[in-house]
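Structure first, commentary second.
Quick note: the coordinates plus some simple rules give every number you see, no bench work behind them. Computed from a predicted model, the values in this text were never measured in an experiment. Counting neighbours? That spans all protein chains shown, and the Cβs are built from the backbone with ideal geometry, glycine included.
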Amino acid sequence: MALQLGRDIKAIKDRDPAARSWVEIILVYPGLHAVWSHRLAHWLWNHKLRFIARLLSSFARLITSVDIHPGATIGSGLFIDHAIGVVIGETTIIGNDVTLYQGVTLGGTSLAKGKRHPTLGDGVIVGSGAKVLGPIAVGDGARIGANSVVVRDVPEGAVVVGVPGQVISRSQPVVGATAVDADQSLSPDPVGSSLQALLARIEELEQLVTGSKGAAIVGPAADGLWRGEDFSI
């Protein structure tokens, strides 16, 4: 347990350039307080002291603004940055060295009992405001962009952006499960790429219709019938 607590502190020191000392991390980081409170609540939950576990998690939510169900399983080195508004459901499983930013929800999509929350592999990064919903699996080293909504499995080392989330392969492979690549500005924009492709296609069709001299080469004749060899779009 002591080794795990020390690894939680080291995770913040390694991933937050604003962290100046271990004393500061222990005293003023609500994300760390939320994780440590959960570790005790989870122990109580596993030892059938579930009402006390829920009381402890409720108290931790009041002082940290992080809602972690005591039934959730969390590995070592979880870093919850800024911590405001993070929600982690009962059957969530989080691997080692995971980073969650503010406003993240690891939630369920079903009222049925059993596994209904996501499983995050080692080294996963979930951006601000992202929602990962349902009993899906997010592979090791995956990165989920800010405000994305993810409802399908994410392959190892992939990046997900958009609503609903679109899986896009990394341009650079992850080296080890603990690699940190949190620069959201580097996330691709599938909507923007689609619009650019659409605009390019419209320009191509306009050139086909008007021709180089501006005279229509494809269009209806005087009798109202379309004639031409290529009507593909």
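To the nearest 20 debye, what charge dipole does segment 2-187 have about its Cα centre, counting +1 at the Cβ of each Lys and Arg and -1 at the Cβ of each Asp and Glu? It would help to have the intermediate numbers written out before the result.
Working: 17 positive and 14 negative charges, 129 e Å.
Once rounded to the nearest 20, the dipole reads 620 debye.
Tell me which trypsin sites (Lys or Arg not before Pro) from segment 101-130 have a DSSP coil assignment and no more than 12 other beta carbons within 10 Å of their own. Write out the running numbers ahead of the final one.
Values: sites: K113, K115, R116; in loops: K113, K115, R116.
When the trypsin sites (Lys or Arg not before Pro) of segment 101-130 are filtered for loop state and at most 12 Cβ neighbours within 10 Å, K113 remain.
Place a label point 7 angstrom from the Cα of K10 along the Cα-to-Cβ direction, then list the residues of segment 94-111 whose backbone nitrogen is under 17 Å away.
96-99
In straight Cα distance, which lysines are under 24 Å from K48, not counting same-chain residues fewer than 8 positions off?
K113, K115
For R152 and K113, FRET efficiency with R0 = 30 Å and r from the beta-carbon atoms, rounded to 0.05?
0.85
By counting other Cβ atoms within 10 Å of each Cβ, how are L5, L27 ranked from fewest to most?
By the 10 Å Cβ count, ascending, the order reads L27, L5.
What translational D, rounded to a whole number of µm²/s, comes out for segment 44-174 from Stokes-Einstein when the hydrodynamic radius is the Kirkwood one over Cα pairs, at 20 °C and 1.002 mPa s?
My calculation gives 146 µm²/s for D.
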